[in-house]
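Input: a single structure, listed below in structure tokens.
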Amino acid sequence: MKFATTAIHVGQEPDELTGAVTVPLYQTSTYAQEEIGKHKGWEYARTQNPTRSRWEACVAAMEGGIAGYAFGSGLAAIDTIMRTLSSGDHVIMAEDMYGGTFRLANTILQKSGITFSYVDMRNMDHVRAAVTPATKMIYTETPTNPMMTITDLRAAASLAHEAGALLVVDNTFASPYLQRPLELGADIVVHSATKYLGGHSDLVHGVVITRHQHVADQLAYLQNAVGAVPGPMECWLCLRSAKTLHVRMDRHSANAQAIAEWLEQHAAVQHVYYPGLKSHPQHALAASQMDGFGGMISIELGSLERAVAVTKKLQLFCLAESLGGVESLVCHPVSMTHGSVPKAQREKLGITDGLIRLSVGIEDVADLMADLDQALA
Ligand code: P1T
């Protein structure tokens, strides 16, 4: 089955009881049991919920995994993955990634005795040099938030496996329609489903997918034992959104490609970061592992004053955190999403005061360009 058919049909089969074509929303905390020890397989809604199970089956199929697990947010999903580790374990992490993931590792997880090395994932030699006998996980994002750098997933997977570690990939920026890391050798995929999987800026949600039974067993245990689960409404909304993911991503990608190419020629823009541009230093690598380049663009305007002026003048691009919805957003990473990354590290990565990040929506591209043009003038 091809992607679009999988997204619309797997986990989305008509309801067995009524024939309802849309999966029902089981807004319940518990299930009646016939007698002690005799029930229909559903006991308590932290442990199982039928709407959640359908969504987990759907997203696992979209990513090409054997099992999926849903969580209350992307960070709850990442935290649960990290709980498969023990004190003394070592993780090699991308130095360029969402600020909240860095904050989770650097201020919380390290207290439990897990150690982290932050490396430039563009260069596999740096990753190889960071491997120690305690390395259990290589964790990356690709494309990265907000610098749009690419990790070579095939190379990272083989390096991880040589070291006896697992490769975990945050696939939020690409979505499973544009990139399926498990097919390239990764072991675990995670998403902030708040973004493209939800797609309408109306929910906070996270998912984890794996292709290994032993990892699935650990995740299932942790999902129930830790309990960072989502409500059924978010799962239901994600099932709804899965049906249009491919159509939305095609439009996000087409709009962003046109806008990135146009911005590259714009006198008021110093630099454009978008993997779909031929000028992106990793364009060929991105093309070799992605089926499209997505809707995220970062641009360098040169100063905080310019960033403030441009974001104030934008009318269709709403100044807000988050990304991946049908409506275009603009964000200032230094003061918003990456505030928890130390200044020196931000500067090393290129997250400057003059950098703004565009989440290009699926509006008419001519209107979006006109809005950018008047704001940049
Ligand atoms: O916000 P939450 O659903 O908990 O997901 C965290 C997260 C994880 N991974 C990536 C790549 C992310 O971008 C995020 C959240 N990011 C934003 C809120 C943002 O505006 O970048």
For the chain, take the longest principal axis of its alpha carbons; what is the angle in degrees between that and the long axis of helix 245-264, to the nearest 10 within 0 to 90? 10 degrees
All other residues with a Cβ under 11 Å from the Cβ of Ala67 taken together, and with Lys, Arg as +1 and Asp, Glu as -1, what is their net charge? -2
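Ranking request for peptides 179-191, 7-19: highest mean number of other beta-carbon atoms within 10 Å first, then the rest in descending order.
The packing order, highest mean first, is 179-191, 7-19.
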Taking only C-alpha pairs under 8 Å that are 6+ residues apart, what is the relative contact order of segment 246-376 in percent? 29 percent
Angle check, please: helix 232-242 long axis (alpha carbons) against the longest principal axis of the chain (alpha carbons), in degrees 0 to 90, nearest 10. 60 degrees
Dividing the helical contributions, -39500 (n - 2.57) per DSSP H run of n ≥ 4, by the residues of the chain yields a 222 nm value, nearest 500 deg cm²/dmol, of -10500 deg cm²/dmol
Extension gain, Ser303 back to Ala20 (0.36 nm per residue minus Cα-Cα distance, nm): 96.4 nm
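Here, each number is a calculation from the coordinates, and none is a lab measurement. Note that the structure is predicted; figures quoted are calculated from it, not measured. Counting neighbours? That spans all protein chains shown, and the Cβs are built from the backbone with ideal geometry, glycine included.
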